[in-house]
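Contents: one structure, followed by commentary.
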Amino acid sequence: MAECCRFSVECCDIWGQCKKPKNLILELGNLVTKPPKKNMNKEINPLVALGIIILFLLPISVLVWATGEQSNARVGAYYLEQDALGQLSLQADHLLVTQSDDSEQVFDLSRVGVSDLMGNVAYLSNNDFLVRGGGAEWGPVAYFSLRGAGDTESEKLRQALADNTAQEAPLIRCNRMTETCSAFHDFRAPWRYRLFIDHANNDDIYLTQNTLHSIKKFSVTGDRLGTYDNGLKFPKRLRRQQGELYTIDTNHHRLVFLKDENSVFAEFQTELYVAPDAIETEASAGTFNPAAKWTVDAVLFGNYWWAVNAGDDMIDEELHRFDLKGNFIDRVSLADEARPFDLLVWQGHLLVSDLARGVVYQFDESGNQLTELQSPAINTHFSEVREQHDYYQLIVNLTLGVLVLMFVGGLIVGLQVGRKHDKENPHGNSAQGDLPTYLSPTLALYKPTFEKQTFTLASSSTITREQNMDNILISNIEVVPGKRVSEHIGLVQGSTVRAKHAGKDILAGLKNIFGGELSSYTELLSESRQEAIDRMTAQAKSIGANAVINVRFSTSSIAAGASEILAYGTAVLLEDR
Amino acid sequence: MDALFQVGIFVVLLGLGFFFGRRAERKHYASILVREDEMRDLVITTDRFPPSEFLKHHSGMVSGNVVISVDYFKMVTAGLRSLVGGRLKAYESLLDRARREALLRMQDQANRAGAEAIINTKIETCRISGNANKGIGSIEVLVYGTALIPKK
């Protein structure tokens, strides 16, 4: 018993000899280990590929998430109402009411299922108010991209909006004092509506359905009193001016005065255009914003009509003055970043709410700005929203940077891998590559040394003492000159399926525009053909042949970007004639 | 606006294809002619059996391949032509170039091996998919044959 086995039986083999390290056994047994695998495939483990994909998807999903969150963190509308000076109506689940006695009150509306307030809040005389009990969805962004669209397009949009029942929500009537709510009516308000309650006239309720281009009238108890929808395009809101009821027809730049004597609500009385004439003349003079395409709000104050006109995408709002006949007077200058939204005549002043800063500007009749009214709660909210916005902007920027870095890094690594591969497999391009050894007329052919060989395909480990290992003659003729076929052994074949990597594919796609040779594909295909030949040769060798004659190639594309290359021929044993 | 943009892209691609494609083709033909002249003394046949004077030669397979792509201009003109039928000259010249280039590569390999002739030459043409299956996209031409090399 050998030394090492004195204390343990496990390390001994069945002959009682010490086990030797494996590689030693191989050497002693004179077995030829497999030739080192050529780094032919540069194949990526599917798991690694999955990892890379996930690595790239991660920042992209973060990006998508952050962008979505950022768009949610937008400051909503700042409405002005007569009996409650300011309302902050945001995609937040609370409502802020500035009451006339300078105190502020916050309602938590999430209790009653109201999570966004896209329209306004209207007050009845008895401390009740009406809100739309909507879900968490924003309205369609498509509304904003309707730049100066024709009637067919806005009609299409109107239908799309009207069809989307998910964006309709019931009106809810709440009480300010008791903080209790109940459904007001079975009618569902669409996205983007405005409520107007006519305190001078029995608290009649008018609902401006912006996206449905109509106005509905209800009594305070919820009875339907009428509808007006004649030729309106996105009516913004309804106002009462010295006994006359008018609506702002956003897309037509006009104010439509309605006759309203209960039963004849649906009758059209007169109209006043604000802006359309001015656009051409004043745009050339440079005083009027030519992009002003929408009229958001208009009130009569002093001897002028004051109108907020917005440009494309409902941004670039400006405050304009018109005379009583609708002729453009001038543009009222506001702070640089100001986005005027809502107008209100209140105690002899004009109040203009600003969406960007969350303040209310106070104007006198001659157009001088007197003060800025600010509400602490609104300020807090606006700064919170802005912080949120900046936070998500930071995330977006960071992830974008990471993505760019990863992309560049991936490109560099890919190029490196490709270069390394090319260095290791120089025969890739047949034009410059080494010649196959069998082309040398002086080199002896491979000699299979075993006599009888059972057909164990590709079991190259059984071959002992190889000579001229690579020199198997390959030829595509049947009769090899100067040689005699001593034994026909059989058909051998080798095939490979290759796909090119995405980068090369894109580059090749670009090349498709200019035409010309796609050298990366040429290389790839000749490389894979070499691989197919190698496999065929190995097979031929394993069955004891020293030549493959009558070789044929066949190429077929089996899928987009992947092709199979097959080489087949007859394995024979050649001898000199 | 969108349509205008698309037309613009189309025109730009067409122009790029026209100029670069024409230039590439002219240059390629020039180089093919020069190289073909250099290879004149190499016999290439499609005979299956070696001629009698080569019976003592050593033999082995040589091959050459090329992947070539059609330019945008040619694709469009060929598309127009296929409406009325007839010869697609655009594709003819493309395939001609590819085949001659592949032959030249095979000849080059044989030349370096010191061959005197190539027999049993086979030419195989294969379309490489990956061009969204429209148009002819890119094609591979493979040429292979058996080179006959004199024994020293």
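Summary of values
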| read-out | value |
| --- | --- |
| Peptide-level mean, for B:45-58, of C-beta atoms on other protein chains within 10 Å | 3 |
| Student exercise, the stretch A:343-417 dipole from Lys, Arg, Asp, Glu Cβ charges, in Debye to nearest 20 | 340 |
| Listed residues A:Trp306, A:Trp346 arranged by accessible area, highest first, probe 1.4 Å | A:Trp346, A:Trp306 |
| Shape of chain B, Cα gyration tensor, a/c cut at 1.5 | prolate |
| Filter on A:Lys423/A:Lys483; B:Lys27/B:Lys151; A:Lys447/B:Lys152; A:Lys541/B:Lys56 - keep pairs with C-alpha separation over 28 Å | A:Lys423/A:Lys483; B:Lys27/B:Lys151 |
| Solvent accessible area, Å² - A:Tyr521, 1.4 Å probe, full protein context | 10 |
| Label-to-label distance, nm, for residues given as B:Leu80 and B:Glu36 (7 Å Cα→Cβ offset) | 2.8 |
| Cβ-derived FRET efficiency at R0 25 Å, A:Glu575 paired with B:Asp47, nearest 0.05 | 0.55 |
| For A:476-485, mean number of other protein chain Cβ atoms within 10 Å | 6 |
| Peptide-level mean, for A:434-442, of C-beta atoms on other protein chains within 10 Å | 6 |
| Three-way shape call for the stretch A:521-577 based on the alpha-carbon gyration tensor, with the a/c threshold at 1.5 | prolate |
| Where B meets A: accessible area buried, both sides, 1.4 Å probe, Å² | 4100 |
| Loop GluC sites (Glu not before Pro), the stretch A:296-401 (other Cβ atoms within 10 Å of the site Cβ: 15 or fewer; DSSP) | A:Glu337, A:Glu365 |
| Heavy-atom accessible area order for B:Val12, A:Val572, largest first, 1.4 Å probe | B:Val12, A:Val572 |
| Pairwise FRET efficiency - B:Leu95 versus A:Thr67, Cβ, R0 = 60 Å, nearest 0.05 | 0.75 |
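The values are calculated or read from the model by the stated rules, or taken from the named source; none is laboratory data. Quick caveat, the model's predicted, so the values are computed rather than measured. Counting neighbours? That spans all protein chains shown, and the Cβs are built from the backbone with ideal geometry, glycine included. These area figures cover heavy atoms from the full protein model, side chains too; ligands, DNA and RNA do not enter into them. Shrake-Rupley method; radii C 1.70, N 1.55, O 1.52, S 1.80 Å.
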